[in-house]
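Structure, as structure tokens:
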Amino acid sequence: QVQLVESGGGLVQPGRSLRLACAASGAIATVYTTGWYRQTPEKQRELVALITADGVRKFSDSVKGRSTIWRDNAKATVYLQLDSLKPEDTAVYYCHGEASDRDYWGQGTQVTVSS
């Protein structure tokens, strides 16, 4: 079993930056890809960014060029930083772990971009 806990969401003004953290616990050695997804009431859950155990990164076109994802293995935490935030970045952000036995999801953290 793997537990994922997100933090760092909140209300942010357009143009500012935000850093989200996904802390993993449990059988974290079985997780080989960690990603961030987001969802709004109007849209299906979509991939924002992911990072594999080998350090390969992938970003959605909507955040490419203004986002960074990295992992701190000592803290078992994956971070997502979003820069130049836009109102359309408003969503619930979920951490996702793809493990050898199954997928895991965090509880989500709300990000609201508004002036």
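Side notes on the structure shown:
- The chain: antiparallel DSSP beta bridges as a percent of all, rounded to 5: 95
- Rg(Cα) / (2.2 N^0.38 Å) computed for the stretch 67-115, rounded to two decimals: 1.36
- For the stretch 30-46, the Karplus equation 6.51 cos²θ - 1.76 cosθ + 1.60, evaluated at θ = phi - 60°, returns couplings of 8, 8, 10, 9, 10, x, 10, 10, 9, 8, 10, x, 8, 10, 6, 4, 10 Hz by residue, with Gly and Pro reported as x.
- Across the stretch 28-111, the mean sequence separation of Cα contacts (distance under 8 Å, 6 or more residues apart), normalised by length, yields a relative contact order of 31 percent.
- Tail weight of P(r) past 18 Å, computed on alpha-carbon pairs of the stretch 9-71, percent: 46
- Kirkwood-type radius of the chain, with distances r between different C-alpha atoms, in Å: 14.0
- Straight-line cross-link reach from K86 at under 19 Å between alpha-carbon atoms covers these lysines, not counting any fewer than eight positions away in the same chain: K43, K64.
- Amide H within-cut-off set for A27, under 5 Å, with H built and near neighbours excluded: V2, Q3
- About the Cα centre, charge dipole magnitude for the stretch 53-115 (Lys/Arg +1, Asp/Glu -1 at Cβ), debye: 160
- Additional length obtainable on full extension of the chain from I28 to S84, 0.36 nm per residue less Cα span: 17.0 nm
- Cβ-based charge dipole, the chain, positive-most Cα from A24, Q110, L82: L82
- Once backbone amide H atoms are built at 1.01 Å from N, V12 has T112, V113, S114 as its partners under 5 Å, excluding neighbours fewer than 5 places away on the same chain.
Bear in mind that the values in this text are calculations on the coordinates, not laboratory data. This one's a predicted model, so the numbers in the text were calculated from it and none came from an experiment. Using ideal geometry, Cβ is built from the backbone for each residue, glycine included, and neighbour counts are taken over all protein chains shown.
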